[in-house]
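Structure record follows, encoded as C-alpha cells.
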Amino acid sequence: MNNLRFDNAFIRELPADLEFGPHQRQVEHALFSHVTPTPVAAPKLIAHSAEVAELLGIDAASIDTPFFAEVFGGNKPVEGMQPYAANYGGHQFGHWAGQLGDGRAISLGETINTAGERWELQLKGAGPTPYSRSADGRAVLRSSVREFLCSEAMHHLGVPTTRALSLVATGETVVRDMLYDGNPKAEPGAVVCRVAPSFIRFGNFELPAARGDLPLLEQLVEFTLRRDFPQLAASGRRGDALLSAWLSEICERSAEMVAHWMRVGFVHGVMNTDNMSILGLTIDYGPYGWIDDYDPDWTPNTTDAQGRRYAFGRQAEIAYWNLSQLARALSPLFDDPESLHTGLECFIDTYRSSEQRNIAAKLGLSEYRDTDARLMADLQHLLHTAEVDMTIFFRKLADIDPAGPTLTPLLDAFYNEQKRHDATPAFDDWLARYATRLRENGLDNNERHTRMRANNPRYVLRNYLAQQAIDRAEKGDPGGIVELLDVLRRPYDDQPDFDAYAQRRPDWARNRAGCSMLSCSS
Ligand code: AMP
Ligand code: MG
C-alpha cells in the first residue's frame, strides 16, 4: 500500500470546514470536514476484490498482511491519505432533509493508478463525523457484506457502480434495532472500503443551493466539471451551453444506469437525492434487493412499504424526479432556464432508447421494432400475474425452439403450480407470438442464444443468497462470501458446479427478514 500515489484534489481545491473533530454541527460555506477514522479493536480482513486491488495497483502479497486490515479498517493511514467527510444535503422520500453529509463514510484520499486513473478510497463505517447526527458512524457486518458483494456483482453484470476493495471485521459490536420493532441487539461491526472515481452526489449541489450560497455552488460545479467531466470542461463551451451539456450527460448516465437495473432486476430501495451519483454510478447499497418473482410494485425496503416510492417499476420516474431536483439546484447558475429543460429531456430520450435496447437484447432480437414494446409488456404482465422468476425465465427463454415453442424449458421459473396451470394457455399464446417474431427476425439460433445469454444473467445476488453468506459470516465463516463473490464474477456463464446459486428463492426465504424485507437500519 505504500506505493499508492495520492492526489487529493477535492480537499485541496475546495473550501474546508474550519472546525476539527467529529462533534455534530451545521457546516456552512464548506464542502467537507477534516476527520479521521476512529480506530477499531481488532481489524481482520474477511474478503477482498482481487480486481479492485489490481486496479489500484495494490500488490497481491500485501493483502493478507495485518497491515492491510489496519489500513482498511481505519486504524493506520498511509502516506498521502488525508481523510475527510463530505458535506451534502438531500431529498429523502420526496422531502428536503437539509444537511446530511457523510455520517459514516470517511474518504481516505484520491489515488492515481499507473494508467493515470483517479480512484477515491472511502471507508464506510469508520466512526463518527460532524455529519453523524445522533448516530454512531458505524456499520454492521450484515449490511457491509451486502454492500461489498453487491458492488462487485453489479460491476460484473455491466452495471455502472461504485466498487468495493475490502471487507474488514472490526472486532467490535454495534447495536442496531434491525426491524425497528424495539428489539435492539449487539451485532458484529465491519468496515467496507469502497472505490469510485468520484463520490459526488446530487445532494452535494443541493445543499449550497438550498442555503443560497451561490459562490460555493459555483465552485463545486467548476471543480466537478474539471475533475470528473474533463472532456466537457475542455470542449470550449461556456455558460449555459456548458451547463446544459453537463446536465444532459448526467441525465444520460442516470438513464443508462436505471435501464441496467431494470434489465437485471435490481431495486435500489433508497433513491434519495443524496444517494444519486453525479457520474451515474449505483451508490449507497442499503436495503436494496433483487427481483425474484416479477413484480413492479415490489420494494425490499420495509421503511417504504406504505408509499412504495422506490419500488422496482418506479425507478425511472424517480431518477427523473431526482434529476429535476438537481436541475433546480443548478438553476441559479443558468441565464436562460430553457436550457435546463433541454438537459432534462435527455433523460427521457436516453431512457427510451435504453429500454428499447433492453427489450431487443432480453428477447434476443437483432433490432427493436415498435411492436416489441407490446410483446414485452404482455410478457411482463404474465410474469407478474403467474408469479414467475424474472432471472430464470429470461435466462431460459433462450432455450425455446422457435419452430415449436412450449413452456417446458421454462417450468423452473414458476413459484406456484396453480398459477402456472391457470396461466399456461396465455403463455402458450405469448410464446407463439414470440416465435413468429423470432422467425421474422431471422437471427441464427446460435447468435440469438449468445445475445440473450450475454444480457440475461444466470446469477444475481438474490436476497436470500446474500443472507445465507451473512449467516455463515456471523458465525465466523467467511466461506459463503468468498464463494458467492467468485460465482458473481461471471454472472453470464453457466458454471454447472454452482447450479445451487441459480435456483428460485426457496419458500422459507419468502418472508424472512434479510431475505425479502430490509430496513434502513444498518
Ligand atoms: P443512507 O440512507 O444510508 O444514505 O443515510 C442517510 C444519511 O444518514 C447519510 O447522511 C448517512 O451518512 C447517515 N447515516 C446513516 N447511518 C448512519 C450511522 N450509523 N452513523 C452516522 N450516520 C449515518
Ligand atoms: Mg446515503
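The values are calculated or read from the model by the stated rules, or taken from the named source; none is laboratory data. The structure presented is a predicted model; accordingly, all values stated were derived computationally and were not measured. FYI the Cβ positions are ideal-geometry reconstructions off the backbone, even for glycines, and counts take in every protein chain you see. The accessibility values were calculated without ligands, DNA or RNA, using every heavy atom of the protein model including side chains. Shrake-Rupley method; radii C 1.70, N 1.55, O 1.52, S 1.80 Å.
Reported count of residues in region 134-150, each being touching a strand residue (DSSP E or B) at 6+ places or on another chain (Cβ under 9 Å) and in a loop (DSSP other than H, G, I, E, B), is 4.
The set of residues in region 290-319 being polar (S, T, N, Q), in contact (Cβ under 8 Å) with a residue 24 or more places away in the chain and not in a helix (DSSP H, G or I) consists of Thr299, Asn301. The listed residues are Ser151, Ser144, and the only one of them that is within 19 Å of Ala41 (Cβ to Cβ) and open to solvent by less than 10 Å² (accessible area, probe 1.4 Å) turns out to be Ser144. Could you check Gly280 against (1) within 19 Å of Phe347 (Cα to Cα); (2) part of a helix (DSSP H, G or I); (3) open to solvent by less than 10 Å² (accessible area, probe 1.4 Å) and say which number it fails? All conditions are met except number (2). When Gly171 is tested against (1) at negative phi; (2) in contact with a strand residue (DSSP E or B) (Cβ under 7 Å, 6 or more places away or on another chain), just one condition goes unmet, and that condition is (1). Consider Val258 carefully, then state whether it is more than 16 Å from ligand 2 (Cβ to nearest atom), touching a residue at least 60 places away in the same chain (Cβ under 8 Å) and crowded, with 21+ Cβ neighbours inside 10 Å. Spelling it out, Val258 is indeed more than 16 Å from ligand 2 (Cβ to nearest atom), touching a residue at least 60 places away in the same chain (Cβ under 8 Å) and crowded, with 21+ Cβ neighbours inside 10 Å.
Hey, any hits in region 282-289 for a residue that's in contact with a helix residue (DSSP H, G or I) (Cβ under 7 Å, 6 or more places away or on another chain), away from ligand 2 (no atom under 16 Å from the Cβ) and touching a residue at least 24 places away in the same chain (Cβ under 8 Å)? Yes, region 282-289 has at least one match. Scanning region 87-107 for residues that are among the aliphatic types (A, V, I, L, M) and open to solvent by 10 Å² or more (accessible area, probe 1.4 Å) yields a count of 1.
Of the residues making up region 368-390, not a single one is touching a His at 6+ places or on another chain (Cβ under 7 Å) and either among the hydroxyl-bearing types (Ser, Thr, Tyr) or closer than 27 Å to Phe266 by Cβ (or both).
Checked against the criterion of being surrounded by fewer than 24 Cβ atoms within 10 Å (Cβ to Cβ) and near ligand 1 (Cβ under 9 Å from one of its atoms), the candidates Arg133, Arg138, Arg118, Arg163 yield just one match: Arg133. Is it true that Leu323 is more than 16 Å from the chain's Cα centre (by Cα), open to solvent by 10 Å² or more (accessible area, probe 1.4 Å) and of a type in the set (A, V, I, L, M)? No.
Just one of the listed residues (Pro22, Pro83) is closer than 22 Å to Gly171 by Cβ, open to solvent by less than 40 Å² (accessible area, probe 1.4 Å) and not aliphatic (A, V, I, L, M), namely Pro83. At least 3 residues being under 21 Å from the mean Cα position of the chain (by Cα) is the threshold, and among the helices (runs of 4 or more DSSP H) wholly inside region 7-105 those reaching it are 50-56.
To keep it simple, each residue is scored yes or no on (1) under 26 Å from the mean Cα position of the chain (by Cα); (2) assigned to a strand (DSSP E or B); (3) away from ligand 1 (no atom under 16 Å from the Cβ); (4) not aliphatic (A, V, I, L, M).
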position	(1), (2), (3), (4)
Ala190	yes, yes, no, no
Arg194	yes, yes, no, yes
Asn204	yes, no, no, yes
Leu207	yes, no, no, no
Phe223	yes, no, yes, yes
Arg227	yes, no, yes, yes
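Checking Val221, Val270, Val195 one by one, the residue that is surrounded by fewer than 24 Cβ atoms within 10 Å (Cβ to Cβ), within 16 Å of ligand 2 (Cβ to nearest atom) and either farther than 20 Å from Cys150 by Cα or at pLDDT 95 or above (or both) is Val270 and no other. The sole residue among Trp298, Trp246 that is touching a helix residue (DSSP H, G or I) at 6+ places or on another chain (Cβ under 7 Å), away from ligand 1 (no atom under 16 Å from the Cβ) and open to solvent by 20 Å² or more (accessible area, probe 1.4 Å) is Trp298.
Residues that are open to solvent by 70 Å² or more (accessible area, probe 1.4 Å) and not polar (S, T, N, Q) within region 459-492 comprise Arg472, Glu474, Lys475, Val482, Glu483, Asp486, Arg490, listed in sequence order. For region 121-130, the set of residues classified as near ligand 1 (Cβ under 9 Å from one of its atoms) and farther than 28 Å from Glu51 by Cβ consists of Pro128, Thr129, listed by residue number.
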